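Structure first, then comments.
The values are calculated or read from the model by the stated rules, or taken from the named source; none is laboratory data. All values derive from a computational prediction rather than experimental measurement. When we count neighbours, we look across all protein chains shown, and the Cβ atoms used for this are built from the backbone with ideal geometry, even at glycine. Accessible surface is based on the protein model in full, side chains and every heavy atom, while ligands, DNA and RNA are left aside. Shrake-Rupley method; radii C 1.70, N 1.55, O 1.52, S 1.80 Å.
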Amino acid sequence: MNKQPTSDITSPFLRGRAHVLPNPARLALVYILFAILWISSSDLILGWLLPDFESFLMAQMIKGSAFVVVTGVLVFLLIRKAELSALDLEHSFRTFADNTGDWEYWINEDGQVVYVTPACERVTGYPPEEFYRQAGLMQEMIHEEDRPALVDSHKVGACESRPYEYRIVRRDGTIRWLLHDCHPVSDAWGRPAGFRGTNKDITGRKQAEEALKRSEKRFRTLFEEAAEGILVADAEFMTLKYANPRACLMLGCSEEEIRQMRVEDLHPEKNRSIFVDALQSHLRGDLSLSSAVPLATRDGVCRYADVTTAAMEFDGTRCLVGFFTDVTERLRLEKEHSKAEAHLRQAQKMEAVGTLASGVAHEINNPIMGITGYADLMEEHTRGNSEVSRLAGEIRREAGRIHRIVTNLLRFARSEKNEAPLPTRLNDIVDATLSLVQMVMRHDQIALEVDLPGDLPPVLCLSPQIQQVVMNLLTNARDALNTKYPGYHENKVVKITARPLVRACRQWIRLTVEDHGPGIPKGVKQRMFDPFYTTKPADKGTGLGLAITYGIVKEHGGELDVETQCGEWTRVHVDLPMVNGERRKGERREESLHPGNDPLP
C-alpha cells in the first residue's frame, strides 16, 4: 500500500462517508441522555437509602465522579469502534482502488494530489511517488492541444461529471489516449473537499477508430475516383442507395436522383424484366457478369455497359454492388470496324467478280461473234425480204447489247475507264430500255407510266451503263409487284419520272422508278447494295444487280437513294449531273422538285 499524507477525518476514502464516525452532535445527544438517566435514577435510589443530608451529599460526589468515569469509558469505546470500522472500510476501498485497471486519483481543495492508484505507472510511465512530489506533473503530461480544457475541468467548483477524451505524453515520449471522468467530493460537513478523477486508457480503441477512418477514407477515395460506375442497391427492395460520380455521369443524373430510383429504372423498359431476373439469379449465386447491358440515361440516349455484380453486407443490409464499365464507345468502334471489314469483303468480292467477268467475257464474246455472223448471213441470203432483214438487224443489236453488258460488267468490276462519257438524252436511254421490257411487263400484267419531259437537258454518261441501271431497277420493281400481286391488280404499276433539280449549286437530273410493291424491310435496306446479297430464290437472282447499279451511278458522279415504306411502296432515285452544271435562272431548288415526296395513297 502506498504511503501518503492523510488523517483520520481527511482521508480521501472517508470523505463523503463521515457518517461512519461519531460527530459532536451525536456525542452530545448520547451524553445528555446518559446524564438524565443517571441523575434521575441515582437520586431516587440514594434518597431512599441515605436519609441524612451529609451522607446524601457524599453519595452525590461519588456519583458525579463515577458518572465522569463511566461516560469517558463509554465515549472512548464508541470512538474506538468507529475508528476501527473506518480503518476497515478504508482498507477495503484502498485494496479495491490499488487493484483497479484504471488510473484513479484524488485531489484536495488546495489542488494537491492526496492519492494516486498504482495503475498510473502502467498508463503514464510515472510511479505514484512522482505525482506526490511534483504537484504540476499531472497537467504537464497532458498534450498541449488538450491541456486548456483539462486544466479548467480540474478547478475546484468547475468539475463536472462528464467524460473527456484527451491525450497524454508518457514518460517514454509515446502518446496515449485517456477517457477522463471527474466527480466532486465533500467533507463530513458537506463542504467542497476536492474531486476524484478516473482515467481509462482508450488508446487501443482510438487506434482502431483511426484505422477505421483511414480505411473508410481509402474506400471513399476508391469509390469516388473509380473509373467505373459503382451503384449499391438494396437486395430485398431493389432500391438504389449509393452512386459514385462516374455512375452519375454515365446516367446523366445526380446522386440524389439516383437514390430515388429502383434497379429496373436503370434499363430501357423493354429490357427491364430480363435484367431484374438476372440480378435475382445472382443473389442465388447463378450470375456475376453481364455484357453490353443497355442503360437508360436521363437524356434518352441509350448507353451500354459491362456489369459485374457482387452480393455483400453494406451498412448492415444485404446489398448488391454493381460495377459498370461504359462500353458504348467500344461498341461504336467495333461497329465501325465491322463496317470496314464489310467494305473490305465487298472489295474482295468485287475483285472476284472482275476475275469472273474477265473469264465470262472471253467465253461469251466468241458465241456472240458467231451469232452476229449468222445474222449477217441470214440478211445476205434473204435480200429483198424486209421481215427477215429486220429480224437479222434485231439479232445483231441484241448481240451487241450483250457484248456491251459484258464489257460494262468487266469495266465496272475492274474500274476500267477507257471509254469517255458522252452527253446523252435520258429520254433515249429510257425508251431503249422500255423497248426490251415492255413485252415482259405486259405478260406480267404490269402497267408502265412514264413521265419524262421532252426538254430534259442531257447528262454526261456512258449510255449502255445507264441503260443497264434502268433495266436493273425495272426488273426489281417487276419482281416486287409480282410478289405482292401474283395476278392483275390496279396498283400493279411502275412509274418512271424524271425532273431537273439543284443541289449544292449544281444541276442534276433525277430519274425515279416507283412501285407499289411490298416495300423494303429495314434490315434488307441496309444490305441491299452488298454484292451477292439477295432475297430472291437462287434461280431468280444473283445478288449483283443493285451492287452493279450502285457502282455505275457512283462512277458517273451520281447518287443513288432509296425511299420505302414497308408494305406500301418503294422509290429509287438516280441523280445524274447535267452536262451544263451551272444553275439556270428561274430553276427551282431540290426541295420543291423532288418527285413524289408525299406518301403514296
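Considering the stretch 140-153, and only residues there that are open to solvent by 50 Å² or more (accessible area, probe 1.4 Å), part of a helix (DSSP H, G or I) and not aliphatic (A, V, I, L, M), the residue that is modelled with the highest pLDDT turns out to be E140. For the stretch 223-273, filtering for residues that are aromatic (F, W, Y), within 10 Å of the chain's Cα centre (by Cα) and under 20 Å from V327 (Cα atoms) leaves 0. Among the criteria (1) surrounded by 14 or more Cβ atoms within 10 Å (Cβ to Cβ); (2) farther than 24 Å from L448 by Cα; (3) modelled with pLDDT of 60 or more, the one L560 does not fulfil is (2).
Of all residues in the stretch 102-124 being among the acidic types (D, E) and part of a loop (DSSP other than H, G, I, E, B), which is surrounded by the most Cβ atoms within 10 Å (Cβ to Cβ)?
Kept after step one, since they are among the acidic types (D, E), are these residues of the stretch 102-124: 102, 104, 109-110, 121.
In the following step, the residues that additionally are part of a loop (DSSP other than H, G, I, E, B) were identified as 102, 109-110.
Values: D102: 17, E109: 15, D110: 9.
Out of the qualifying residues, it is D102.
Of all residues in the stretch 355-366, those that are open to solvent by less than 70 Å² (accessible area, probe 1.4 Å) and free of Cβ contacts under 8 Å to residues at least 24 places away in the same chain total 1. Residues in the stretch 484-504: is at least one surrounded by fewer than 19 Cβ atoms within 10 Å (Cβ to Cβ) and in a helix (DSSP H, G or I)? Checked the stretch 484-504: at least one residue is surrounded by fewer than 19 Cβ atoms within 10 Å (Cβ to Cβ) and in a helix (DSSP H, G or I). Scanning the stretch 507-523 for residues that are farther than 26 Å from D431 by Cβ and either assigned to a strand (DSSP E or B) or touching a Gly at 6+ places or on another chain (Cβ under 8 Å) (or both) returns P518, G519. Of all residues in the stretch 160-195, those being under 21 Å from R122 (Cα atoms), acidic (D, E) and assigned to a loop (DSSP other than H, G, I, E, B) number 1. Looking across the stretch 455-483 at every residue that is open to solvent by 60 Å² or more (accessible area, probe 1.4 Å) and either in a loop (DSSP other than H, G, I, E, B) or free of Cβ contacts under 8 Å to residues at least 40 places away in the same chain (or both), the one that is farthest from P577 (Cα to Cα) is identified as T483. For beta carbons closer than 7 Å, sequence separation of 6+ or different chains, a first residue in the stretch 211-226 that is small (G, A, S) and a second that is assigned to a helix (DSSP H, G or I), the qualifying pairs are A226/R246. L137 - would you say it is at pLDDT 80 or above, over 26 Å from A208 (Cβ atoms) and of a type in the set (A, V, I, L, M)? Taking the combined requirement at face value, the residue satisfies it. A single entry from K525, K585, K554, K540 fulfils the requirement of being at pLDDT 85 or above and open to solvent by 80 Å² or more (accessible area, probe 1.4 Å): K554. Among residues of the stretch 154-172 being of a type in the set (A, V, I, L, M) and modelled with pLDDT under 85, the one that is surrounded by the fewest Cβ atoms within 10 Å (Cβ to Cβ) is A158.
Only one of the numbered conditions (1) among the polar types (S, T, N, Q); (2) open to solvent by less than 90 Å² (accessible area, probe 1.4 Å); (3) within 30 Å of I175 (Cβ to Cβ) is not met by Q207, and that is (2).
Does the stretch 211-246 hold any residues that are touching a helix residue (DSSP H, G or I) at 6+ places or on another chain (Cβ under 7 Å) and either open to solvent by 50 Å² or more (accessible area, probe 1.4 Å) or small (G, A, S) (or both), and which are they? Within the stretch 211-246, E224, A226, A227, E228, G229, A233, A235, A243, P245 qualify.
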